[in-house]
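Peer 1: Pasting in a structure now, in C-alpha cells, and then I'll have a few things to ask.
The values are calculated or read from the model by the stated rules, or taken from the named source; none is laboratory data. Keep in mind the model is a prediction, meaning the values are calculated, not measured. Note: ideal-geometry Cβ built from the backbone for every residue, glycine included; neighbour counts use all protein chains shown.
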Amino acid sequence: MAYEYDEQNIFARILRGEIPNNTVLETEHTLAFRDTTPQAPDHVLVIPKGPYVNFDHFSDAASPEEIVDFIRAVGEVCRLLGVKPGEGGEGYRIISNSGKNGVQEVPHLHVHIVGGRWLGRILTKTP
C-alpha cells in the first residue's frame, strides 16, 4: 500500500522547528511533547521523526533502529511522567488513531500517552 505523507502537517512543521512545542523527550529518532489541549493531567504526544503516516506504515517502512528508539521513547516518557504502575504510578493509556474510522486528524504517526487521573472505558458497545 502506498502512503501519502503531507509534509505540511502540524507535526512535520514542529519537527522542522516552524512551530514551538513543550518538549518532554527528544532522541535520535523520536520527539515527545505535551499536548496543547490535554485531555488529562498528563497528556504527551510521541512522534517518530521520520515521515510515517500511521502505525502500520511505520512498522512496514521504518528501520529497526527507528522502531526500537520509538518504543523505548514511549516507555521513557511514561517513566518521566511517573505513570508507570510498576514504579508507583497509577497507570496510563496509549492511543494511536489511524485513518478515517480511527478518527486520525494529523497524517503523521503519533501516540497519545494519557494519565494522571481515572480514564474510564475507552469504547462502549453501540446499539
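Peer 1: Output the number of the condition that LYS100 fails; it satisfies all remaining conditions of (1) in a loop (DSSP other than H, G, I, E, B); (2) in contact (Cβ under 8 Å) with a residue 24 or more places away in the chain; (3) charged (D, E, K, R).
Peer 2: (2)
Peer 1: Surrounded by 15 or more Cβ atoms within 10 Å (Cβ to Cβ), touching a strand residue (DSSP E or B) at 6+ places or on another chain (Cβ under 8 Å) and at pLDDT below 95: is that true of GLY115 in this structure? Please lay out each step first, then the result.
Peer 2: Details: surrounded by 15 or more Cβ atoms within 10 Å (Cβ to Cβ): yes; touching a strand residue (DSSP E or B) at 6+ places or on another chain (Cβ under 8 Å): yes; at pLDDT below 95: no.
For GLY115, the condition - surrounded by 15 or more Cβ atoms within 10 Å (Cβ to Cβ), touching a strand residue (DSSP E or B) at 6+ places or on another chain (Cβ under 8 Å) and at pLDDT below 95 - is not met.
Peer 1: From VAL46, VAL53, which residue is modelled with pLDDT of 95 or more and within 10 Å of the chain's Cα centre (by Cα)? Talk me through it step by step, then tell me what you get.
Peer 2: Numbers: VAL53 fails: within 10 Å of the chain's Cα centre (by Cα).
None of the others qualify; the one that does is VAL46.
Peer 1: Further question: Restricting attention to region 45-71, which residues are surrounded by fewer than 14 Cβ atoms within 10 Å (Cβ to Cβ) and among the charged types (D, E, K, R)?
Peer 2: Answer for region 45-71, where residues must be surrounded by fewer than 14 Cβ atoms within 10 Å (Cβ to Cβ) and among the charged types (D, E, K, R): ASP60, GLU65.
Peer 1: Another question about this same structure. Report the residue count in region 89-103 for those that are out of contact with any helix residue (DSSP H, G or I) (no Cβ under 9 Å at 6 or more places or on another chain), within 18 Å of VAL44 (Cβ to Cβ) and not acidic (Asp, Glu).
Peer 2: Filtering region 89-103 for residues out of contact with any helix residue (DSSP H, G or I) (no Cβ under 9 Å at 6 or more places or on another chain) gives 90, 93, 95, 97, 99-103.
Narrowing the set further to residues that are within 18 Å of VAL44 (Cβ to Cβ) leaves 90, 93, 95, 97.
Filter again for not acidic (Asp, Glu), leaving 93, 95, 97.
The qualifying residues number 3.
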